[in-house]
1. May I ask you to list pairs of residues, at least six apart or on different chains, whose Cβ atoms are under 8 Å apart, with the first in the stretch 1-24 being part of a loop (DSSP other than H, G, I, E, B) and the second being open to solvent by less than 100 Å² (accessible area, probe 1.4 Å) and at pLDDT 90 or above?
2. Tell me which of these residue 18 doesn't satisfy, since it passes every other one: (1) modelled with pLDDT under 95; (2) β-branched (Val, Ile, Thr); (3) open to solvent by 60 Å² or more (accessible area, probe 1.4 Å).
3. Testing residue 34 on (1) under 15 Å from residue 7 (Cα atoms); (2) small (Gly, Ala, Ser); (3) buried (at least 17 other Cβ atoms within 10 Å of the Cβ), one condition comes back false. Which one is that?
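The values are calculated or read from the model by the stated rules, or taken from the named source; none is laboratory data. All values derive from a computational prediction rather than experimental measurement. With ideal geometry, Cβ positions are generated from the backbone for all residues, glycine too; neighbour counts draw on all protein chains shown. SASA here: full protein model, heavy atoms, side chains in, ligands and nucleic acids out. Shrake-Rupley method; radii C 1.70, N 1.55, O 1.52, S 1.80 Å.
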Amino acid sequence: MADMEITQVEKLKALLGITDADKDVLVEFALENAGETVKNYCHIEEIPTGLATTVLRMAADIYRNEQMGSVEVPQFVSSVTVGD
């Protein structure tokens with residue numbers, strides 16, 4: 001029996017704790033977004049194997065920070081005040 005390759009989408013879902021297929025489109029979008037960002041930044045056409053983990057980490061951050069699938073706009077800290 002041949003080893004089955006785990007896809008980037010499956011890896012990202014595991015990292016995010018997603019077990020069903022409901023959010024596959026959102027996960028794929030975050031992964032594509034991270035891949036395009038890396039390719040544009042590095043001026044390359046394909047993601048080399050050495051950057052695969054970096055793309056996964058970026059995609060997880062994109063998914064979490066942009067609250068994919070939520071109608072609400074993500075809230076950002078506008079200022080911090082240090083008290084006594």
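1. Between residues of the stretch 1-24 that are part of a loop (DSSP other than H, G, I, E, B) and residues that are open to solvent by less than 100 Å² (accessible area, probe 1.4 Å) and at pLDDT 90 or above, the close pairs are 18/27; 19/13; 23/13.
2. (3) is the only condition that residue 18 fails.
3. (1)
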